[in-house]
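Heads up, the thing below is written out as structure tokens.
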Amino acid sequence: MNSLLLIGLNHRLAPVELRERVAFSSERITAALHHIVARLPQQDVQAAILSTCNRSEVYVWTSDACLASQQVISFLAEYASYKPEELSEKLYLLQGEAAAHHLMSVAAGLDSLVIGEDEILGQVKDAYQIAQSAGTCGVTLSALFQYAIHAGKRVRSETEIGCLRRSVAAVVVALAKDTFPSLSHRTALLIGAGKISALTARALVQAGLHFILVANRTFERAQKLAHSIGGQAVHFDALSESLVQADIVICSTGAPHIVLHYQTIQQAMAARAERPLLIIDLAVPRDADPAIANVPQVTLVDIDDLEKLVQRDFPLAISTRQRIEEIISEELAHFSKWLGLRRNAELIQQIQKHAQNICEEQIRKTLRRAGDFNAEQIQAIQTLAHALTSQLLHKPIQWIKSPHDGLSEEEVESLVRDFFGLN
């Protein structure tokens, strides 16, 4: 499994200031995948990118992990306008089984800001579908993502994670209640009408929030979300007026730049009669200018600031974590078995092709040297040669298919290739 490579960064190792520079919107992932594959033209390379608020990860199946890692790091550094050696310090590089285990842990929610969150499984599915549509996923990465997605589904159906409703939206509600003990007279403004905004809005309504305003670049999407939660859509160019009404602002757009500026907040606060304002920026890249935190009566919280609250209010039972790890190990074993069978099948096909080529060449030489044969004699010679070839290959092929105590899959493959001269 050492041909599997993962290079990435996440909320545990890299601050949001760096993650936003290496973040890929859905629209940019396809082009990025094609750039990565183009850098490795001599390899049968497969690639997928998983990019969320908390991580950006590149998964590659390649015949040359060393070259691939160099090229992927170089690409990410160019994309983020970083020096490769500086970016490398914040990246993790996993290979083989460790990379497969990591993806399954991500799909299960163990590597999320909120352990066991629901949203990440959908994001893993999206990453898989985008790579498939881009034509870069390939058979092996497809299998890996399918096993990871299955692991995530099992975690949610076989453990208490599925009924705990753990999500970033739940954390937002907890933070809002910390700031405003009662939400019954409070108004929230959602900037962005995507999936995260919708989940957050519904969680706030269930928690008793009085009213929600929804602003989005596409007004029709704002109207659709507002209608579904009993709120009101507002035009994006009327953001200033909406900020005066709101007590809580939730930012979650896919914009590659700041959408909530310092001056806009400063002006809105001047018209609020000393009412405090809580701004929660869930976007990566960030939607809110970090300088907003300096405006009096404003509390600005970004995705990294939520971690302390998560650790305090959303612990995961040890027994639940253990069961999740068991599920991941089971699915990892299934993937390893599938990979071994596929690798053996490909190796056996190569051996058979190699042997048949030798057989055909020897038949041709024999027929040239031995003079004229009639059709029946030629057929008999060919049948004998192919039968001998099959008989000679039978035991080696059985050995390849059998378990090999003390030898890894890579060692077995290397040994067989050397023995048959396939290198």
Completion exercise
Exception for Glu274 within (1) closer than 29 Å to Phe24 by Cβ; (2) modelled with pLDDT under 90; (3) acidic (Asp, Glu) falls at (1)
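Matching residues to (1) in contact with a Pro (Cβ under 7 Å, 6 or more places away or on another chain); (2) under 30 Å from Ser336 (Cα atoms); (3) hydroxyl-bearing (Ser, Thr, Tyr):
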site	(1), (2), (3)
Gly152	no, yes, no
Gly192	no, no, no
Ala203	no, no, no
Leu213	no, no, no
Thr218	no, no, yes
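Of everything in the stretch 207-241 that's among the β-branched types (Val, Ile, Thr) and not in a helix (DSSP H, G or I), which residue is surrounded by the most Cβ atoms within 10 Å (Cβ to Cβ)?
We begin by selecting, within the stretch 207-241, every residue among the β-branched types (Val, Ile, Thr); these are 212, 214, 218, 229, 234.
Checking the rest, the ones that are also not in a helix (DSSP H, G or I) come to 212, 214, 218, 234.
Details: Ile212: 25, Val214: 29, Thr218: 10, Val234: 22.
This residue is Val214.
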Handout entry: Unmet criterion (only one of (1) within 15 Å of the chain's Cα centre (by Cα); (2) buried (at least 16 other Cβ atoms within 10 Å of the Cβ); (3) not hydroxyl-bearing (Ser, Thr, Tyr)) for Arg156
Key = (1)
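The rows are residues; the columns are (1) within 46 Å of the chain's Cα centre (by Cα); (2) of a type in the set (Asp, Glu).
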position	(1), (2)
Ile327	yes, no
Glu330	yes, yes
Lys353	yes, no
Cys359	no, no
Arg364	no, no
Gln377	no, no
Practice task
Please go through the stretch 242-283 and pick out each residue that is surrounded by 21 or more Cβ atoms within 10 Å (Cβ to Cβ) and not hydrophobic (A, V, I, L, M, F, W, C).
Solution key: Ser242, Asp247, Ser252, Thr253, Asp281
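Okay, residues lined up against (1) buried (at least 19 other Cβ atoms within 10 Å of the Cβ); (2) out of contact with any Gly (no Cβ under 7 Å at 6 or more places or on another chain):
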{"position": "Asp111", "(1), (2)": "yes, yes"}
{"position": "Val114", "(1), (2)": "yes, yes"}
{"position": "Val124", "(1), (2)": "yes, no"}
{"position": "Ser142", "(1), (2)": "no, yes"}
{"position": "Phe145", "(1), (2)": "yes, yes"}
Exercise for the section: Report yes if some residue within the stretch 316-325 is assigned to a helix (DSSP H, G or I), in contact (Cβ under 8 Å) with a residue 60 or more places away in the chain, surrounded by 10 or more Cβ atoms within 10 Å (Cβ to Cβ) and of a type in the set (Ser, Thr, Tyr); otherwise report no. Expected result: yes
Practice task
State which residue pairs qualify: first residue within 17 Å of His394 (Cα to Cα) and inside the stretch 404-421, second residue modelled with pLDDT of 80 or more in any location, beta carbons under 7 Å apart, and separation of 6 or more residues or different chains.
Solution key: Phe420/Ile351; Phe420/His354
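Which helices (runs of 4 or more DSSP H) sit wholly inside the stretch 1-94 and have at least 1 residues that are under 20 Å from Gln123 (Cβ atoms) and outside the structural domain of Pro256 (by TED's automatic domain parsing)? Step through it out loud before you land on a result.
Numbers: elements: 16-19, 26-38, 65-80, 84-88.
The helices (runs of 4 or more DSSP H) meeting that bar are 16-19, 26-38, 65-80.
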Exercise for the section: Within the stretch 126-137, work out how many residues are surrounded by fewer than 18 Cβ atoms within 10 Å (Cβ to Cβ) and in contact (Cβ under 8 Å) with a residue 24 or more places away in the chain. Expected result: 2
Exercise for the section: Test each condition in (1) modelled with pLDDT of 85 or more; (2) loosely packed, with under 13 Cβ neighbours inside 10 Å for Arg369 and report the one that comes out false. Expected result: (1)
Handout entry: Answer residue from the stretch 284-315, given it is of a type in the set (S, T, N, Q) and at pLDDT 90 or above and is surrounded by the most Cβ atoms within 10 Å (Cβ to Cβ) among those
Key = Thr299
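The values are calculated or read from the model by the stated rules, or taken from the named source; none is laboratory data. This structure is a prediction, so every number in the text was calculated from the model and none was measured. Heads up, the Cβs are rebuilt from the backbone with ideal geometry, glycines too, and the neighbour counts pull from every protein chain shown.
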